[in-house]
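The values are calculated or read from the model by the stated rules, or taken from the named source; none is laboratory data. Please read all numbers here as calculations on a predicted model, not as lab measurements. For neighbour counting, all protein chains shown are included, and Cβ atoms are generated from backbone atoms with ideal geometry for every residue, glycine included.
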Amino acid sequence: MNMMAPGSYFHGSIMNPFEFVNSVTYTKKDIMTDLNENEYAPFLVNRSLSYHQDCLLYANEMNRRFDISHKLQYHYLLNTIRKRKRFAKWSKPELADDLKIVMDYYTVSREKAEEYLTILSKREIGVLKTRMNKGGVR
């Protein structure tokens, strides 16, 4: 079995976008090579950095200059952001209560349930809520 030390990458390895984020924000090691330059996802890195107040302006600057090479974007962030351990939960869209009930009752996707909500009246949605009531404390 070929074990690798953390931070050492070989030809053919697939890098996680968050490894680039960790490199930019905490380890400050340049892990960008010609081999993995195509694996750098500027959108994901910038979005991840935008959750931190001290990195927001740098991420926005890279969003404005999307046309420069990935290597330049990475090195800009690597050399401008101060070293600090950062962690933020990614925000996820909340399901509306009515939408969730329609999805569960009809066993349809979110998009279909949104279409159903435009057709159903408030009274019909109330009927679905009573039918889907499983009891217990909420």
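Among the residues of the stretch 71-90, just one is under 17 Å from N60 (Cβ atoms), hydrophobic (A, V, I, L, M, F, W, C) and under 18 Å from the mean Cα position of the chain (by Cα), namely A88. Considering only residues in the stretch 61-87 that are aliphatic (A, V, I, L, M) and surrounded by fewer than 18 Cβ atoms within 10 Å (Cβ to Cβ), the one that is nearest to D30 (Cα to Cα) turns out to be L72.
Residues are listed down the side, and each one gets a yes or a no for (1) in a loop (DSSP other than H, G, I, E, B); (2) closer than 30 Å to Q53 by Cα; (3) in contact with a Pro (Cβ under 6 Å, 6 or more places away or on another chain); (4) in the same structural domain as Y51 (by TED's automatic domain parsing):
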| position | (1), (2), (3), (4) |
| --- | --- |
| K71 | no, yes, no, yes |
| Y76 | no, yes, no, yes |
| F87 | yes, yes, no, no |
| Y105 | no, no, no, no |
| V108 | yes, no, no, no |
| K112 | no, no, no, no |
| E115 | no, no, no, no |
| G126 | no, no, no, no |
| V137 | yes, no, no, no |
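Listed by first and then second residue, the pairs linking a residue in the stretch 99-119 that is more than 14 Å from R131 (Cβ to Cβ) to a residue that is of a type in the set (F, W, Y) and at pLDDT 90 or above, with Cβ atoms under 8 Å apart and 6 or more places separating them unless they lie on different chains, are V108/Y116; K112/Y106; A113/Y106; Y116/Y106. Out of the residues in the stretch 18-42 meeting the condition of being part of a loop (DSSP other than H, G, I, E, B) and acidic (D, E), tell me which one is modelled with the lowest pLDDT. Looking at the filtered set, the residue picked out is D34. The condition (being assigned by TED's automatic domain parsing to the domain that holds V21, at pLDDT below 95 and either surrounded by 14 or more Cβ atoms within 10 Å (Cβ to Cβ) or part of a helix (DSSP H, G or I) (or both)) is satisfied by just one residue among Y51, Y58: Y51. There is no residue in the stretch 96-118 that is basic (K, R) and under 18 Å from the mean Cα position of the chain (by Cα).
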